[in-house]
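This report concerns only the one structure given below.
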Amino acid sequence: MLESHALKTVTAICPQMCASYFIMKEGELDFRTGDIITLLDAPPGTPHGWLYGGVNVAKRGFFPATYVEYQK
């Protein structure tokens, strides 16, 4: 398992009235609007426009950067 360090947290939002993000393939992170996602160091080869993070401690994966906004 890769060691990751938390970078910052983001609040999950879904544009265009989407309620949640559901994974399309293995390795992605699903979440609901309002979840707090902790950004982690992305593994090598992370696709452009995607972030890597976790919700709680148990769930980690990739998710589209356009689905989140940074907390102030």
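One table, with the values for the structure above:
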{"read-out": "Environment charge at GLY27 (Cβ cut-off 13 Å; Lys +1, Arg +1, Asp -1, Glu -1)", "value": "0"}
{"read-out": "Exposure proxy ranking, count of Cβ atoms within 10 Å, fewest first, for GLU26, GLU69", "value": "GLU26, GLU69"}
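Laboratory data are not the source of any read-out in this text; all were calculated from the coordinates shown. Keep in mind that what you see is a predicted model, and the values were worked out from it rather than measured. Because the Cβ atoms are built from the backbone with ideal geometry, glycine has one as well, and the counts that use them run over all protein chains shown.
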